[in-house]
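Here is the structure we will look at, set down as structure tokens.
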Amino acid sequence: RRIVFDNRISSELVDRLWNDPDRFIDAGQSLKHDDRTTVARVPLRAPNSTGHFETTATGVLKRNHVRDLGHTLSHMLWFTRASRAWVYGREMLEAKVPTARPLAMVEDRFGPFRFRSFVLTEHVEGTRLDRFLQQTSLTTTELDQLAAQFAHIWHTLGEMRIGPGDMKASNFLVTPARRLKPID
């Protein structure tokens, strides 16, 4: 197993991710589960002596599942999806692209061979872009502002030579301050 983490997270959180990331994600609030990924909202702070969390700070933990044998064999030496999310997320923040901060990345490995992987990011409060556009009456100016934010993100990713593989409205959040953030 390999772990990389941000120095802002607690040692208790690092221990939970290292020792049993499956149990940690399964104990969280499920956000998505399909044949490729499981995503859950999880607490970021250690519990107090009564077992309750003193803060509502949450993160999003995503597990990338091992797929069929052919896919697994052909990808065992590649960077995992979690390691790419870790690197690209940090590069995006450095380039001023607003996204969820990557906090940790865990890979199950056997020597150089990579299998399942997990990435933990900060939870971003907001509404998926597709739902936001359906539920919100926007003026032309407000719609232009969102479009300008999308154009800035797209342009910056192009300059960084990052090609998003899953660019769709549901992978963007609109924050309460109406800031657009890519999340996947």
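The values are calculated or read from the model by the stated rules, or taken from the named source; none is laboratory data. Because the structure is a prediction, the values reported are computed rather than measured. Quick reminder, even Gly has a Cβ in these numbers, built from the backbone with ideal geometry, and neighbours come from all protein chains shown. Areas reflect the complete protein model, heavy atoms only, side chains present, ligands, DNA and RNA absent. Shrake-Rupley method; radii C 1.70, N 1.55, O 1.52, S 1.80 Å.
Numbers below:
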read-out	value
Verdict on F110 being aromatic (F, W, Y), over 15 Å from the mean Cα position of the chain (by Cα) and closer than 23 Å to T38 by Cα	yes
Criterion violated by H75 - all others in (1) at pLDDT 80 or above; (2) surrounded by 14 or more Cβ atoms within 10 Å (Cβ to Cβ); (3) of a type outside the set (S, T, Y) satisfied	(1)
Every pair of residues 6+ apart whose Cβ atoms lie under 9 Å, when the first sits in the range 1-27 and is farther than 19 Å from V66 by Cβ and in contact (Cβ under 8 Å) with a residue 24 or more places away in the chain while the second is outside any helix (DSSP H, G or I) and open to solvent by 100 Å² or more (accessible area, probe 1.4 Å)	S10/R45; E12/R45; L13/R45
Checklist (1) within 14 Å of F118 (Cα to Cα); (2) at pLDDT below 90; (3) within 14 Å of the chain's Cα centre (by Cα) applied to T58, failing item	(1)
Answer from L180, L93 - the residue that is free of Cβ contacts under 8 Å to residues at least 12 places away in the same chain and open to solvent by less than 80 Å² (accessible area, probe 1.4 Å)	L93
Hey, S11 among the polar types (S, T, N, Q), at pLDDT 85 or above, surrounded by 18 or more Cβ atoms within 10 Å (Cβ to Cβ) and farther than 24 Å from L180 by Cβ or not	no
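Residue-by-condition table, conditions (1) of a type in the set (S, T, Y); (2) modelled with pLDDT of 90 or more; (3) exposed (fewer than 14 other Cβ atoms within 10 Å of the Cβ):
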residue	(1), (2), (3)
S83	yes, no, no
G111	no, no, yes
V124	no, no, no
L129	no, yes, no
Q149	no, yes, no
H152	no, yes, no
